[in-house]
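Student: Input: one structure, supplied below.
The values are calculated or read from the model by the stated rules, or taken from the named source; none is laboratory data. Predicted, not measured: the structure shown is a model, and the values here were computed from it. Neighbour counts are summed over all protein chains in view; Cβ atoms, including those assigned to glycine, are modelled from backbone coordinates with ideal geometry. To get the accessible areas, we keep the full protein, side chains included, count just its heavy atoms, and leave off ligands, DNA and RNA. Shrake-Rupley method; radii C 1.70, N 1.55, O 1.52, S 1.80 Å.
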Amino acid sequence: MTKAHLYKVGLTDRFKQEATMFEGLYLARVSIQHKDLYKVVTEKGEIQAEISGKMAFLARDNADYPVVGDWVMVDRMDDSGGNAIIHHILRRKSVFERRAAGTSNQRQLIAANIDTLFICMSLNNNFNLRRLERYLSIAWDSMATPVIVLTKSDLCDDIAVKLSEVYSVAIGVDVLVTTSMSDDGYTALNKYIEKGKTTAFLGSSGVGKSTLINRLLGEEILVTKEIGEDDKGRHTTTHRQLIALPNGGVVIDTPGMRELQIEHANLSKSFADIEDLAQNCRFNDCNHQNEPGCAVKEAIEKGFLSAERLGSYRKLQTEMKYQGMNSQQIEQEKITKIFGGMGSMKQARAFFKEKNKRR
């Protein structure tokens with residue numbers, strides 16, 4: 001019996017040791033997820049699996065279910081007699097998650113046990129600094145290392161300008177420029193892909209994630225489509241998938257994300273420039289609005305910081321503040337903010353009365 005298949009998908013001593021705690025079960029890694037069904041890689045190869053009834057019963061939210069990249073313990077290594085049963089999820093060393101789309105407060109896990117996150121953004125009409133700030137805030141919180149991958153450089157006439165803009169928000173993050181139009185247009189990625197390491201590709205639809213992975217594989221395994229005439233991305237990848245590369249590295253391809261609602265984020269790292277400036281504000285509780293002696297506003301006036309970046313910072317702070325609240329709690333929080341702790345009930349009633357008139 002050999003663990004060759006497991007080493008190809010990133011097995012490390014850490015997970016190998018933890019697996020010894022579960023007698024009678026076998027170590028595997030989740031490679032594909034289709035709703036309630038999974039494919040997992042075991043010592044004997046890839047098989048189909050599902051979670052145990054106990055795991056489903058005890059699950060509090062989506063985070064308690066396996067996700068692509070998870071290391072799990074299963075009851076068999078051969079599915080010829082039926083699906084393998086997943087009984088345990090080993091402790092995750094990193095996880096990229098967002099809040100599920102819609103009104104639900106559920107978390108949605110995208111991928112787990114990632115070493116490097118390639119945040120892909122194309123240099124055409126997909127280019128969006130505010131979206132990039134959002135990705136970086138979540139990426140830093142995931143415990144993985146973010147790397148920005150700018151794709152489709154052949155479609156951009158002002159790369160130097162775009163790079164300058166990216167560097168202004170990508171503090172402490174490596175930035176790579178790629179193209180699929182030449183054989184060496186993706187080679188900058190190779191130094192981040194190592195044996196035993198897992199890299200996840202994230203980004204909007206149509207930015208070229210699958211194309212880059214095909215280049216790394218050396219063959220066209222993942223289906224790709226040309227971008228539409230309206231310059232909007234098309235969904236090609238429909239599910240998350242873990243793939244072993246010839247050099248021993250592992251990549252996770254993910255579907256394009258139209259929404260990226262925040263569940264958890266690390267604003268201290270993604271907006272380190274603003275937080276560093278805030279240390280020099282006259283008041284410790286400065287809101288960077290109309291307070292005297294505000295170092296952040298001064299930086300904007302002198303052109304060292306953009307007003308748009310401060311606005312993005314505030315927006316993400318507000319999202320973080322409201323996470324986990326229901327609609328009534330959010331409304332109450334907004335009222336408190338407007339009327340200073342609900343000091344005037346008359347003002348609050350007048351506010352609601354006027355609001356209802358406008359509906």
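Student: Here are the criteria: (1) modelled with pLDDT of 95 or more; (2) over 23 Å from Gly10 (Cβ atoms); (3) open to solvent by less than 40 Å² (accessible area, probe 1.4 Å). Tell me which single one Val40 does not satisfy.
Tutor: Every listed condition holds for Val40 apart from (2).
Student: Please go through segment 222-241 and give me each residue that is modelled with pLDDT under 80 and buried (at least 17 other Cβ atoms within 10 Å of the Cβ), ordered by number.
Tutor: Leu222, Thr224, Ile227, Gly233, Thr236, Thr237
Student: Mind listing whichever residues of segment 187-204 are of a type in the set (Gly, Ala, Ser), surrounded by fewer than 19 Cβ atoms within 10 Å (Cβ to Cβ) and not in a helix (DSSP H, G or I)?
Tutor: Once the filter is applied, which keeps residues that are of a type in the set (Gly, Ala, Ser), surrounded by fewer than 19 Cβ atoms within 10 Å (Cβ to Cβ) and not in a helix (DSSP H, G or I), segment 187-204 yields only Gly196.
Student: Looking only at segment 28-37, count how many residues are of a type outside the set (S, T, N, Q) and surrounded by 12 or more Cβ atoms within 10 Å (Cβ to Cβ).
Tutor: Qualifying residue count, segment 28-37: 5.
Student: I'm trying to understand the selection: among the residues of segment 168-210, which are of a type in the set (Asp, Glu) and within 21 Å of the chain's Cα centre (by Cα)?
Tutor: Those that are of a type in the set (Asp, Glu) and within 21 Å of the chain's Cα centre (by Cα): Asp174, Glu194.
Student: Report yes if some residue within segment 45-62 is hydroxyl-bearing (Ser, Thr, Tyr) and open to solvent by less than 40 Å² (accessible area, probe 1.4 Å); otherwise report no.
Tutor: Among the residues of segment 45-62, at least one is hydroxyl-bearing (Ser, Thr, Tyr) and open to solvent by less than 40 Å² (accessible area, probe 1.4 Å), which makes the answer yes.
Student: When you go through Leu150, Leu123 one by one, which is the residue that is touching a helix residue (DSSP H, G or I) at 6+ places or on another chain (Cβ under 6 Å) and either outside the structural domain of Asp61 (by the TED database) or hydrophobic (A, V, I, L, M, F, W, C) (or both)?
Tutor: On inspection, the qualifying residue turns out to be Leu123.
Student: Let me ask something else. Looking only at residues in segment 242-280 that are β-branched (Val, Ile, Thr), open to solvent by less than 10 Å² (accessible area, probe 1.4 Å) and modelled with pLDDT of 85 or more, which one is farthest from the chain's Cα centre (by Cα)?
Tutor: Ile274
Student: Which of the residues belonging to segment 72-131 are of a type in the set (S, T, N, Q) and under 30 Å from Cys156 (Cα atoms)?
Tutor: Thr116, Ser122, Asn124, Asn125, Asn126, Asn128
Student: Right, another one. Quick one: which strands (runs of 3 or more DSSP E) sit completely within segment 12-127 and have at least 2 residues that are of a type in the set (Val, Ile, Thr) and under 26 Å from the mean Cα position of the chain (by Cα)? Talk me through it step by step, then tell me what you get.
Tutor: Values: elements: 26-34, 37-42, 45-51, 71-74, 84-89, 95-99, 107-112, 116-122.
Ranges flagged: 26-34, 37-42, 84-89, 116-122.
Student: Can you name every residue in segment 155-170 that is in a helix (DSSP H, G or I) and either surrounded by 18 or more Cβ atoms within 10 Å (Cβ to Cβ) or not charged (D, E, K, R) (or both)? Don't jump to the end; show me each part of the working.
Tutor: Filtering segment 155-170 for residues in a helix (DSSP H, G or I) gives 155, 159-169.
Passing the criteria: Leu155, Ile159, Ala160, Val161, Lys162, Leu163, Ser164, Val166, Tyr167, Ser168, Val169.
Student: Within segment 128-140, work out how many residues are closer than 13 Å to Phe271 by Cα and either part of a loop (DSSP other than H, G, I, E, B) or free of Cβ contacts under 8 Å to residues at least 40 places away in the same chain (or both).
Tutor: Within segment 128-140, residues that are closer than 13 Å to Phe271 by Cα and either part of a loop (DSSP other than H, G, I, E, B) or free of Cβ contacts under 8 Å to residues at least 40 places away in the same chain (or both) number 1.
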